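Engineer: Would you mind keeping the following structure in view while I ask a few things?
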Amino acid sequence: MVRSHPGRPRRVAVISLHTSPLAQPGTGDAGGMNVYVVETARRMAQRGVEVEIFTRATSSDLPPVAELADGVLVRHVIAGPYGGLGKEDLPSQLCAFTAGVLRDEARHEPGWYDAVHSHYWLSGQVGWLLRDRWGVPLVHTAHTLAKVKNASLADGDRPEPLSRVVGEEQVVAEADRLVTSTQAEADDLVTAYGADPDRVRTIAPGVDLRTFTPAPDRDAARAALGIRPEDTAMAFVGRIQPLKAPDVLLRAAATMLARRPELRERLVVLVVGGPSGTGLAEPESLVALARELGIDDVVRFLPPRRGDELAQVYRAADVVAVPSYSESFGLVALEAQACGTPVVAAAVGGLPTAVAHGRSGLLVDGHDPEHWADALERVGLDRAGRQRFSAGAVEHAAMFSWDRTADALLATYAEASRAKDRDRTRGMAV
């Protein structure tokens, strides 16, 4: 293993209470945050930093400790019943979860961890107490913010509760450093939550440029999914819930077919993912919508997948749609572009950073099916234009890497530790 760089932490406790890094992205509460935790942990370990990820045990079959990668451990903490708890129920288990983490740490000598990095507000509540108990800095990444989500809800979606808003405000006030994915998210923290700008650090997520690469044989990737060379394939990848708005792609596809009836012979719409969040209440609603729109013959629903199998989906598609109502960054957009597939995305949150408008894809204001149909036609139906977008997509994605993200996080941990040491020294002097 590579030796740790001077000034870097020896060991970091990562808190991911509500979703395990071992879970399949695209199902339940697993998504881009899971990818973020896994990829940054692996790369920090490659730099000689031991990473221990604490998550809630959701099955009695799970071992207390699992090795995710060399130098990365996942610790399953028993907090509440194994199954049947949604995110809205988890605040009741914060005390039990925190106690479990503290018991694990108590088995080691004092000073075992050098920093705590919490992901999502529930983990931030735990990290806040751990920070005070262990005397180490708390670095927090929100991933999504309740006030931002509530300001742009999809039709039929439930607003985030006041308990979450208050919980986020507390974590923002307490964290030693707040890590955001984009400047837009940093601005939201400052303006909506009163965050101290001096404690906010913007660090862009990355993409696995070894796994997500352009196809050496694109026709082979398409054939594996039953897509012909002459077909036009449009894909949605992610959790099936109102926030992610997969229905926008279906409505846009119906609009395109109304405009161009001849397109029905070669249009393929892929929906890759599983129900999540408020989408769990009506898991078959998207299937019913396809039938209602009269496009169920061109829509194919596929289960979530990861790694090379997911890369094959991106490579097979002519365009990937990311129509979310709120998105802190949008890792799907980066992964698709790294595979050479242009993206049409909603102009919200971090997506204007993840997608280079006019070069790697297009950004759409709002969720009007007519406007989305216009953008999807421009990218997906013009072969020459698609090739230009494809080249731009690969170039844009190459600007992001998990190595760069991990290095910036380690620098943030070290900076927060130095600041905490200075404050401690000043306190002793007084």
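Engineer: Using unit Cβ charges (K, R positive; D, E negative) and no other charged atoms, how large, in debye to the nearest 20, is the dipole of the range 80-211 about its Cα centre?
Structural biologist: About 220 debye.
Engineer: Given only helices, namely DSSP H runs of n ≥ 4 each adding -39500 (n - 2.57), what is the per-residue ellipticity at 222 nm of the chain, to the nearest 500 deg cm²/dmol?
Structural biologist: The helix contribution divided over the chain gives -13000 deg cm²/dmol.
Engineer: Okay, next question. In the Gaussian network model of the chain, springs joining C-alpha atoms below 10 Å, which of 258, 333, 408 carries the largest mean-square fluctuation?
Structural biologist: Evaluated over the chain, the most mobile residue of the options is 258.
Engineer: Something else now. Under 27 Å between alpha carbons: how many lysine pairs meet that in the chain, if sequence neighbours fewer than 8 apart on the same chain are excluded?
Structural biologist: Lysine pairs meeting both conditions in the chain amount to 5.
Engineer: If you average the sequence gap of Cα pairs under 8 Å that are 6 or more apart and divide by the length of the chain, what percent do you get for the contact order?
Structural biologist: About 17 percent, as a whole number.
Engineer: Next question. If the viscosity is 1.567 mPa s and the temperature 4 °C, what Stokes-Einstein diffusion coefficient in µm²/s follows for the range 43-100 when Rh is the Kirkwood radius over Cα pairs?
Structural biologist: 104 µm²/s
Engineer: I would also like to ask the following. Pull up the DSSP beta bridges for the chain and report the antiparallel fraction as a percent, rounded to 5.
Structural biologist: Bridges in the chain that DSSP calls antiparallel: roughly 10 percent.
Engineer: Let me ask something else about it. Per-residue HN-Hα couplings for the range 213-225, Karplus 6.51 cos²θ - 1.76 cosθ + 1.60 at θ = phi - 60°, whole Hz, x for Gly and Pro?
Structural biologist: Values per residue, Gly and Pro as x: 9, x, 6, x, 9, 5, 4, 5, 4, 5, 4, 4, 9 Hz.
Engineer: Can you give the angle from 0 to 90° between the axis of helix 32-46 and the longest principal axis of the chain, with both taken from C-alpha atoms, to the nearest 10?
Structural biologist: Its long axis makes an angle of about 50 degrees.
Engineer: So, one more: With angles folded into 0 to 90 degrees, how steeply does helix 183-193 sit against the dominant principal axis of the chain? Use alpha carbons for both and round to 10.
Structural biologist: 60 degrees
Engineer: Further, regarding this structure: For the range 290-350 and the range 185-234, what is the centre-to-centre distance using only Cα atoms, to the nearest Å?
Structural biologist: Their Cα centres are 9 Å away from one another.
Engineer: Got the relative contact order for the range 343-394 handy, in percent, Cα pairs under 8 Å and 6 or more residues apart?
Structural biologist: 37 percent
Engineer: I need two numbers for the range 33-154: Rg to one decimal and Dmax as a whole number, Cα atoms only, in Å.
Structural biologist: Just the Cα atoms of the range 33-154 yield Rg and Dmax of 15.0, 49 Å.
Engineer: Find out how many positive minus negative residues lie around residue 101, taking Lys and Arg as positive, Asp and Glu as negative, among other residues whose Cβ is under 11 Å from that of residue 101.
Structural biologist: +1
Engineer: How charged is the neighbourhood of residue 372? Take every other residue with its Cβ under 13 Å from the Cβ of residue 372, and add Lys/Arg as +1 and Asp/Glu as -1.
Structural biologist: Cβ neighbours under 13 Å give a net charge of -3.
Engineer: Let me ask something else about it. Tell me whether the range 291-374 comes out rounded, prolate or oblate; compute the Cα gyration tensor, take square roots of the eigenvalues as a ≥ b ≥ c, and use a/c under 1.5 as the rounded threshold.
Structural biologist: oblate
Engineer: Also, quick follow-up: When the chain is modelled as a GNM with alpha-carbon springs shorter than 10 Å, which of 395, 230, 377 fluctuates the most?
Structural biologist: Among 395, 230, 377, the largest GNM mean-square fluctuation belongs to 230.
Engineer: Could you bin all the Cα-Cα distances of the chain into 20 Å bins starting at 0 and give me the percent of pairs in each, rounded to whole numbers?
Structural biologist: The percentages, shortest bin first, are 26, 56, 17, 1.
Engineer: With 19 Å as the cut-off, how large is the P(r) tail for the range 317-413, expressed as percent of Cα-Cα pairs?
Structural biologist: That tail contains 39 percent of the Cα-Cα pairs.
Engineer: In addition: Excluding residue 228 itself, what net charge comes from residues whose Cβ is under 11 Å from its Cβ, given Lys and Arg +1 and Asp and Glu -1?
Structural biologist: Net local charge, residue 228 excluded: -2.
Engineer: Output the antiparallel fraction of DSSP beta bridges having both residues in the range 21-127, as a percent to the nearest 5.
Structural biologist: Antiparallel: roughly 40 percent of the beta bridges in the range 21-127.
Engineer: Which residue, 19, 55, 202, has the most motion in a Gaussian network model of the chain that connects Cα atoms within less than 10 Å?
Structural biologist: Of 19, 55, 202, the most mobile in the Gaussian network model is 202.
Engineer: Still on this model: For the Cα atoms of the chain, what angle does the longest principal axis make with the long axis of helix 162-174, in degrees from 0 to 90, nearest 10?
Structural biologist: Approximately 50 degrees, to the nearest ten.
Engineer: If you don't mind, another one. What translational D, rounded to a whole number of µm²/s, comes out for the range 143-271 from Stokes-Einstein when the hydrodynamic radius is the Kirkwood one over Cα pairs, at 20 °C and 1.002 mPa s?
Structural biologist: Once the numbers are plugged in, D ends up at 116 µm²/s.
Engineer: Okay, moving on. Give, rounded to the nearest 20 debye, the magnitude of the charge dipole that the range 209-368 has about its Cα centre when Lys and Arg contribute +1 at Cβ and Asp and Glu contribute -1 at Cβ.
Structural biologist: 280 debye
Read-outs throughout are calculated quantities, based only on the coordinates presented, and are distinct from any laboratory measurement. The structure presented is a predicted model; accordingly, all values stated were derived computationally and were not measured. Ideal geometry is used to build each Cβ from the backbone, glycine not excepted, and the neighbour counts take in all protein chains shown.
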